[in-house]
Amino acid sequence: MSSDLTPSRRQFLTAAFQNAVSEAETSASDENGTPSCLIHIGRRAMACQFEVIINQQDRAMATEAAVAALDLVDQLESQLSVYRDQSELSQLNRRAASQAVSVEPGLYDLLQRSIKLYESTEGAFDITSTPLSKLWGFYRREGRMPSTADVTNCLNIVGSQYVRLRGQDHSVQFLLSPLEINLNGIGKGYTLDRCRRLLVEAGVSDFMLQGGRSSVVAVGQRRGIQERFPGWKVALRHPLRPAERIFEFDLLNASLGTSGSATQSFFYRGQRYGHILDPRSGWPATGVLSATVLAPEAAIADALSTAFYVMGAKAAINFCETRPDLAAILIVPGPRAGSIEAHTIGLPKDHLRMCAQTSFPIVPHDLV
């Protein structure tokens, strides 16, 4: 891409992260003092709550589009879920080891993007790691301790290099018989990106999309907030105490994804094992408590938050050095039990407002 089209890191972050204010209430007042409320339109899907949040002033023209966006979420879950036997992805998993299977163009593009992310993260993000998840019991939320030999054997049937894509007919074929694809690490973000496109094409210019607490897309402006604080308010929660917020900031025309293992883990002989597995080693990733990525697209933010959680701060810094469209926050264990440190990558410290009840170190990694 030519340099005149590629934003500098500072240009991108200035547009995406603005100085934060305290969290906005559900109702506020616009510049004329008129009450300004938010409308939340939600639906349960993909094991979380999806929400379209719009300004009250846009209710008449945006509500129908918001419902259509949630209908799209249902359609994409029916296509992408491995927990539905008749989904296109489940059928692909059953057939692709014996023959090339043509898939819907959107799904093909998502698989192509996933494999490129596998390559660029050197295997830290891998859509074929389902056998490992099943081995550890996380696939059905029944965590258990496998043997080292079982983990080693399982690694032999994991790897996106065994997925062959052919663009002429949008076909997919597996080069290993037990191979399986699971899009949990990118599918929710992809769904939000599709919803964003639908809403923008419908003429909705100000809205926020949420897929649970981990995936957010913010477009335009939250009304009733002073113009010097543009965007939509987002909070980052403490990975060990989810009820506590540690950072607040405003998100403008950008996406955010967060990964952490607090929602699913088990203890074995006094050791905690989280559900985010390193597909390169077969063992749960360690060293990071949560990874948050800011990116132009939610699919990229979701996938890289998982990859950065697996890679750790040093590798995440190296990755971001050549990507001015990315920023990240990695929360890692502090020196004392229960304490934390925050590593910010490519994100000026003044773009965050600290709101934790107790202070903790912030280690900035400024990138050119």
Original post:
Can you name every residue in segment 45-79 that is of a type in the set (A, V, I, L, M), surrounded by fewer than 20 Cβ atoms within 10 Å (Cβ to Cβ), touching a residue at least 60 places away in the same chain (Cβ under 8 Å) and more than 20 Å from Ser214 (Cα to Cα)?
Top reply: Met61, Ala68
Subject >> Identity of the residue in segment 195-219, buried (at least 20 other Cβ atoms within 10 Å of the Cβ) and more than 13 Å from the chain's Cα centre (by Cα), that ends up nearest to Ala47 (Cα to Cα) >> reply: Cys195
Original post:
When you look at Ser98, is it crowded, with 16+ Cβ neighbours inside 10 Å, small (Gly, Ala, Ser) and not assigned by TED's automatic domain parsing to the domain that holds Leu277, yes or no?
Top reply: no
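Residues are listed down the side, and each one gets a yes or a no for (1) among the hydroxyl-bearing types (Ser, Thr, Tyr); (2) buried (at least 24 other Cβ atoms within 10 Å of the Cβ); (3) in contact with a Lys or Arg (Cβ under 9 Å, 6 or more places away or on another chain):
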| position | (1), (2), (3) |
| --- | --- |
| Gln271 | no, no, no |
| Ala299 | no, yes, yes |
| Asn318 | no, no, no |
| Arg336 | no, no, no |
| His351 | no, no, no |
| Cys355 | no, no, yes |
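Looking at the structure I just gave you, is Phe360 outside any strand (DSSP E or B), in the same structural domain as Pro242 (by TED's automatic domain parsing) and more than 29 Å from Tyr139 (Cβ to Cβ)? Break it down into steps so the answer makes sense when it comes.
Values: outside any strand (DSSP E or B): yes; in the same structural domain as Pro242 (by TED's automatic domain parsing): yes; more than 29 Å from Tyr139 (Cβ to Cβ): yes.
Yes, satisfied.
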**OP:** Could you tell me which of the residues Leu294, Leu330, Leu304, Leu326 is buried (at least 24 other Cβ atoms within 10 Å of the Cβ) and in contact with a His (Cβ under 7 Å, 6 or more places away or on another chain)?
**Re:** Leu330
Subject >> Considering residues of segment 62-91 that are not aromatic (Phe, Trp, Tyr) and not in a helix (DSSP H, G or I) only, the residue nearest to Val103 (Cα to Cα) >> reply: Ser87
**OP:** Filter segment 132-150 for residues that are surrounded by fewer than 22 Cβ atoms within 10 Å (Cβ to Cβ) and within 22 Å of the chain's Cα centre (by Cα) and give the result.
**Re:** Ser133, Lys134, Tyr139, Arg140, Arg141
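Look at segment 257-298 and say how many of its residues are part of a strand (DSSP E or B), touching a residue at least 24 places away in the same chain (Cβ under 8 Å) and out of contact with any strand residue (DSSP E or B) (no Cβ under 8 Å at 6 or more places or on another chain). Lay out the reasoning, then the answer.
Start the filter on segment 257-298 by keeping residues that are part of a strand (DSSP E or B), which leaves 257-260, 265-268, 271-274, 277, 284, 290-295.
Cutting the leftovers down to touching a residue at least 24 places away in the same chain (Cβ under 8 Å) gives us 257-260, 265-266, 268, 273, 277, 284, 290-295.
Now restrict to residues that are out of contact with any strand residue (DSSP E or B) (no Cβ under 8 Å at 6 or more places or on another chain): 268.
The total comes to 1.
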Subject >> Residue satisfying condition, being assigned to a loop (DSSP other than H, G, I, E, B), within 30 Å of Arg196 (Cα to Cα) and touching a helix residue (DSSP H, G or I) at 6+ places or on another chain (Cβ under 9 Å), within set Asp325, Asp302 >> reply: Asp325
Subject >> Any pair with Cβ under 6 angstrom, 6 or more apart, that starts in segment 88-113 at a residue that is closer than 11 Å to Val172 by Cα and ends at one that is among the aromatic types (Phe, Trp, Tyr) and outside any helix (DSSP H, G or I) >> reply: Ala96/Phe174; Ala97/Phe174
Original post:
Taking segment 304-350 on its own, how many of its residues are in contact with a strand residue (DSSP E or B) (Cβ under 8 Å, 6 or more places away or on another chain), charged (D, E, K, R) and free of Cβ contacts under 8 Å to residues at least 40 places away in the same chain?
Top reply: 2
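The values are calculated or read from the model by the stated rules, or taken from the named source; none is laboratory data. Values in this document were obtained by computation on a predicted structure and should not be read as measured data. With ideal geometry, Cβ positions are generated from the backbone for all residues, glycine too; neighbour counts draw on all protein chains shown.
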